[in-house]
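This report refers to the structure that appears directly beneath it.
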Amino acid sequence: MNEAGFDVLPMEMDLSSRESILNLIAEAKKAGRITMLVNAAGVSPSQAPVETILKVDLYGTAVLLEEVGKVIVPGGVGVTISSQSGHRMEQLSPKADEQLVCTPTEELLSLEILQPGNIRDTLHAYQMAKRCNEKRVMAESVKWGEKGARLNSISPGIIVTPLAIDEFKGPCGDFYKNMFAKCPAGRPGTADEVANVAELLMSDKGAFITGADFLIDGGATALYFYGSLKPQE
């Protein structure tokens with residue numbers, strides 16, 4: 001975030017470990033009640049192998065939402081950052097979707113659909129993780145609602161950040177550049193534009209919004225399904 005021009009105090013967090021997540025929550029509670037959560041942690045397809053992506057982006061996010069949900073105060077609100085990738089992958093069966101939603105967190109990585117033989121590459125692993133994020137947000141929002149708290153997710157497209165630069169330099173770089181050049185918006189997004197949506201969701205103006213996912217990708221997903229990025233059959 002500092003490299004992207006924001007003034008922040010970095011805090012290292014290991015999302016692949018429940019113990020690390022619990023320690024971070026304990027540190028946060030020392031400063032007072034936990035009223036808000038913004039989770040943007042994760043690794044991209046060009047940054048890590050399949051195993052790490054599933055353990056951090058999928059399992060780690062599920063643990064974080066679960067544990068923060070136990071301590072969030074009434075009136076609290078959370079936003080987790082997913083990705084447009086979760087919207088572009090092929091549809092899963094109702095059974096597979098239910099497994100991603102309802103499987104106990106510590107058993108998630110044992111699901112058959114997440115085993116090496118069923119994950120094609122790092123992009124596929126990332127897509128599965130982001131689909132799981134969106135589904136777990138829906139399920140956790142029900143539990144958060146019992147405490148009078150709200151939870152939503154945001155699925156950004158290509159946003160100009162240091163992570164995006166890694167993707168531009170990665171094996172899918174040309175595809176991503178072509179995507180934002182041709183998408184209806186004609187450009188990548190900015191962190192401020194994602195923050196604007198988060199501000200709505202976390203303010204009283206979004207008080208009736210919970211368990212939802214917001215796709216903000218400049219129309220790239222629409223282009224993928226109904227435009228020039230549509231895969232050739």
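What follows is calculated from the coordinates using simple rules that are stated; it is not laboratory data. Not measured: the values here are computed from a predicted model. Cβ: placed from backbone, ideal geometry, glycine included. Neighbour counts: every protein chain shown.
Evaluated with a Cβ-only charge set (Lys, Arg +1; Asp, Glu -1), the chain carries a dipole of roughly 400 debye about its Cα centre, given to the nearest 20.
Per-residue Cβ neighbour counts within 10 Å put Thr221, Thr61 in the sequence Thr221, Thr61, beginning with the fewest.
Take every pair of alpha-carbon atoms less than 8 Å apart whose residues are at least six positions apart; their mean separation over the length of the chain yields a relative contact order of 22 percent. Charge tally around Val142: other residues with Cβ under 13 Å, Lys/Arg +1 each, Asp/Glu -1 each, net +2. Spread over its residues, the convex hull of the C-alpha atoms of the chain is 135 Å³ per residue.
Taking a sphere under 12 Å around the Cβ of Ile34 and counting the other residues whose Cβ falls inside, with K and R at +1 and D and E at -1, yields a net charge of +3. Distance from the Cα centroid of segment 164-208 to that of segment 43-64 is 20 Å (rounded to whole angstrom).
Ranking Thr103, Gly60, Leu201 by Cα position along the charge dipole of the chain, where only Lys, Arg, Asp and Glu carry charges on their C-beta atoms, puts Leu201 farthest toward the positive end.
Find the centroid of the Cα atoms in segment 81-110 and in segment 111-158, then give the distance between the two in whole Å. With segment 81-110 and segment 111-158 each reduced to a Cα centre, they are spaced 6 Å.
Cross-link partners of Lys70 among aspartates and glutamates, defined as those whose alpha carbon lies under 18 angstrom from its own and excluding same-chain residues fewer than eight positions apart: Glu19, Glu27, Glu106, Glu140, Glu146. Helices that extend 27 Å or more along their long axis by alpha-carbon positions and average at least -1.0 on the Kyte-Doolittle scale are, among the DSSP H runs of the chain, 122-145. Taking the three principal axes of the alpha carbon atoms in segment 139-233, the coordinate ranges are 45, 32, 22 Å, sorted in descending order.
Legend: residue pairs Lys177/Lys230; Lys30/Lys130; Lys30/Lys135; Lys130/Lys205, Cα-Cα distance threshold 20 Å; pairs beyond threshold, Lys30/Lys130; Lys30/Lys135; Lys130/Lys205.
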